[in-house]
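Heads up: the structure comes next, in structure tokens.
What follows is calculated from the coordinates using simple rules that are stated; it is not laboratory data. Owing to the predicted nature of the structure, the values given are computational and were not obtained by experimental measurement. We place every Cβ from the backbone using ideal geometry, glycine too, and count neighbours over all the protein chains shown.
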Amino acid sequence: MAATPPFLVLLSGCAIFSSNLTFTPVDGLSDVKISSRSTPAKISNESDKILETKGYAYIGFVRLEDEVKACWDKECQNFECTASLPHKDMTKEVLEKATAVGGDLLVLGSNAKPEISSTQKKGGPCIRSGDQYIQVPYCCKQGRGYCESTCYRTERRTVCLEQATIYGKKCSFITDGKVWRYDPELIKDLARIKWEKKYPRNFEVMKKAYEPRFQEDLKKGLSRVGPPAVKVGGKYGFQESVQSNKMIIKPQYTDVYYTWSEDLIAVSVGERDQQLWGFIDMTGKWVIRTSYQAAKNICDGVAAVRVNNKYGYIDKKGNLIIKPQFDVAWDFMQGIARIKVSNKKGYVNKAGEVFMEP
């Protein structure tokens, strides 16, 4: 995020408030080079769709927060933040920022909208004190009615090391909006970068993105979320919680997968050597009917399933998005999954493109 450092504004001769201007670029903008504009950006009221058809690329979001009023502790009982409070010309400032980051048009979202938010500061009673050695000045050469020379000596004194936090509210005016740049080629570049990040097309890149996350998840272990599975009379069901014995989904499943994921869990029915797997929700309702020899967690919106002894992937509605072709398949993470074919490791993206190790 590119940010203009907060600057201070003095109001009423005593209260100091801050103003903060930020620009959040779209994903991929850092991978291309764009320059600032010499012509000032203008306000537009056109829709995103119309601007895109005209050749404008959305490059980011600009936001200006101008704090004009604050209260602390008991002062906040009748705190008000209204549009009638004095504030600066915010539109001019966000337009200047839009121009500086390379924008031609600004579509406003909020324009000088008053907003109350929480704030805090250190300044309450001392909650932790301690001894410190400090330099104390004294006059080491006295003149006639004045000190000719000042010296210092070290003294040990008890000082406050930490003050309590004081909580309050602040009133700010918010102006924000989308910044657009006329640049048909930039539209293509950003679309290409977005596609490449969603569907990586290189084995080493995919390995670098996938493996650290996979190892991190292994160290954390399985996240036990959702109703715990219990086995009663040779069948699995689900109870309300570990502490509760209340059964919320009656025992009826031959097996269950390790844990819930994205509010679903894989379960199987039928005899052990002929069981079929599907997915249920936390009420026991079938979301994806039993059709698979094996099924794993739903991660990143998809799950690995086995059909005719090969693994493929389905989405949360049971639609086949990558045909069964792998001997082993792991969970998707950020658009990538590790797979294995004939003892050779590779990766697959959600477009179904497979990249095997060299």
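Overview of results
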read-out	value
Most positive-pole-ward Cα, Ala304, Ser261, Met333, against dipole of the stretch 226-358 from beta carbon charges	Ala304
Expected 222 nm ellipticity per residue - DSSP helices of 4 or more, -39500 (n - 2.57), all of the chain, to 500	-4500 deg cm²/dmol
Tilt relative to the chain, helix 184-198 - C-alpha long axis, 0 to 90 degrees, to 10	60 degrees
Length added when fully stretched, Asn309-Tyr152, from 0.36 nm per residue minus Cα-Cα	48.1 nm
Cα-based Rg and Dmax for the stretch 13-87, where Dmax is the largest Cα-Cα distance (Å)	19.0, 54
Overall Cα dimensions of the stretch 207-305, principal axis frame, Å, largest first	45, 33, 21
Rounded tilt (10° steps) of 90-100 against the dominant C-alpha axis of the chain	60 degrees
Mean Cα-pair separation over length for the chain, i.e. relative contact order, pairs under 8 Å, 6 or more apart, %	12 percent
Between helix 203-220 and the chain: long-axis angle, C-alpha atoms, 0 to 90°, nearest 10	80 degrees
Asn20-Lys188 pseudo-label distance in nm [points 7 Å out on the Cα-to-Cβ vector]	4.0 nm
Cross-link partners of Lys235 among aspartates and glutamates (Cα-Cα below 12 Å; sequence separation of 8 or more within a chain)	Asp255, Glu271
Largest-first principal axis extents, alpha carbons of the stretch 129-218, Å	83, 43, 32
Spacing of the two label points (7 Å from each Cα toward its C-beta) at Ser129 and Lys74, in nm	2.3 nm
Entry for percent of Cα pairs over 24 Å apart (calculated from the structure that is shown) out of (i) 53; (ii) 74; (iii) 70	(ii)
Listed residue (Phe61, Ile43, Gly123) projecting farthest to the positive dipole end of the stretch 5-146, Cβ model	Gly123
Estimated FRET transfer efficiency (Ser84, Ala351; beta-carbon r; R0 45 Å; 0.05)	0.25
